[in-house]
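Take a look at the structure below.
The values are calculated or read from the model by the stated rules, or taken from the named source; none is laboratory data. Being a predicted model, the structure only gives us computed values, none of them experimental. Methodologically, a virtual Cβ is constructed for each residue, glycine included, from the backbone with ideal geometry; neighbour enumeration extends over all protein chains shown. Ligands, DNA and RNA are stripped out before the accessible areas are found, and what is left, the full protein with its side chains, is counted by its heavy atoms. Shrake-Rupley method; radii C 1.70, N 1.55, O 1.52, S 1.80 Å.
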Amino acid sequence: MYQYLTSQKGELVSSKQVYRSGTSIGANVAESRNAQSHADFIHKLSIALKEADETLFWLKSLYRGGYLNEKEFKSIYNDAEELVKILVSSINTLKKKPKG
């Protein structure tokens, strides 16, 4: 999507932001696998959740600015929303589990 937005649409600012926040989700989930503690694991997933929320913001911005059509927007936005739901559910479950 980043390449499409920059090369085909000439959009350089929001596309970079959505690229950064979107890739940060996966990076933080990957980092959580080697967390030093239960709390650190939750913390890393919480950062991924914040990045997912930021990604939703940038996707809306790109859509409202006319850089994504409705089909493109809905497809990727729905995927990002699903990631938010998964992360929220995972974090809530982890907070209820005993540490150890």
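Per residue, the accessible area of the chain comes to 66 Å², computed with a 1.4 Å probe over protein heavy atoms only. A simple rule links phi to the HN-Hα coupling: the Karplus curve 6.51 cos²θ - 1.76 cosθ + 1.60 with θ = phi - 60°, which for the range 23-32 gives 6, 5, 4, x, 4, 6, 5, 4, 5, 5 Hz, with x for Gly and Pro. Rolling a 1.4 Å probe over the protein heavy atoms of the range 1-41, with every protein chain left in place, gives an accessible area that is 47 percent carbon and sulfur.
With 0.36 nm allotted per residue and the present C-alpha distance subtracted, the Asn34-Tyr4 stretch has 7.4 nm of extension available. Comparing mean-square fluctuations of Ser32, Ser90, Ser14 from a GNM of the chain with C-alpha springs under 10 Å, the top value falls on Ser90. For Leu68, neighbours were defined as the other residues whose beta-carbon sits under 12 Å from its Cβ, and their charges (Lys and Arg +1, Asp and Glu -1) total +2. Between Lys50 and Ser89, the contour length at 0.36 nm per residue exceeds the alpha carbon distance by 12.7 nm. Kindly express, to the nearest 10 degrees and within the range 0 to 90, the angle between helix 38-64's C-alpha long axis and the longest C-alpha principal axis of the chain. On a 0 to 90 degree scale, this one is about 20.
Using only alpha carbons, the chain has a radius of gyration to Kirkwood radius ratio (Rg to Rh) of 1.07.
Counting only trypsin sites (Lys or Arg not before Pro) that DSSP places in a loop and that have at most 10 other Cβ atoms within 10 Å, the longest clean stretch of the chain runs over 34-98.
For every helix of n ≥ 4 consecutive DSSP H residues, a contribution of -39,500 (n - 2.57) applies; sum these over the chain, divide by its total residues, and give [θ] at 222 nm rounded to the nearest 500 deg cm²/dmol.
-27000 deg cm²/dmol
With 27 Å as the limit on Cα-Cα distance, the pairs of Lys16/Lys85; Lys9/Lys44; Lys60/Lys95; Lys50/Lys74 that go past it are Lys9/Lys44; Lys60/Lys95. Against the chain, whose longest principal axis comes from its Cα atoms, helix 70-96 is set at around 10 degrees.
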